[in-house]
């Protein structure tokens, strides 16, 4: 018998190379899809964070006027009542500087009106769908024993800056008058 030695140093076949390449590209494709999803989520999170910071600044400015102001009236122009337990979309306050200022919802934005001037407090990147002010304790001091306060409820959503990207929000805050409520006689 002949002793035949076979060469055991064979290379990869074409099929094995094709399978390896296919597996490699599948893994790369799935990884790229996940990476793109993470980048899109990060973009949305940064945009929403920026929008909410801007809205938070607007709400803080409003509550500052309420805390330092006096003479709360529920409602804007027209019928104004000291208290409104059922809520209203506008509230008027005399600011620390003695200026009658009204905050109200107009066209999806919160507006601040003082004198003949009106300007939006909320930015264009936010759509306010509901703004409600609840005023308590605003009647004259002898008729109530409650320190004046305003509860503000804001519902809305971010403007769609990319297709399908919209975030809803619900904000509630309370501001009470810092100046001790005394009899105005």
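Since every read-out is calculated from the coordinates, none of them should be taken as a lab result. Since this is a predicted model, take the numbers as computed values, not measurements. Reconstructed Cβ throughout: ideal geometry from the backbone, glycine too, with neighbour counts over all protein chains shown.
Points to keep in mind about this one:
- Of the peptides 58-65, 95-102, 39-46, 149-156, the order by per-residue mean of other Cβ atoms within 10 Å, starting with the highest, comes out as 149-156, 58-65, 95-102, 39-46.
- Global geometry of the range 26-138, whether rounded, prolate or oblate, following the gyration tensor of its Cα atoms and the 1.5 cut on a/c: prolate
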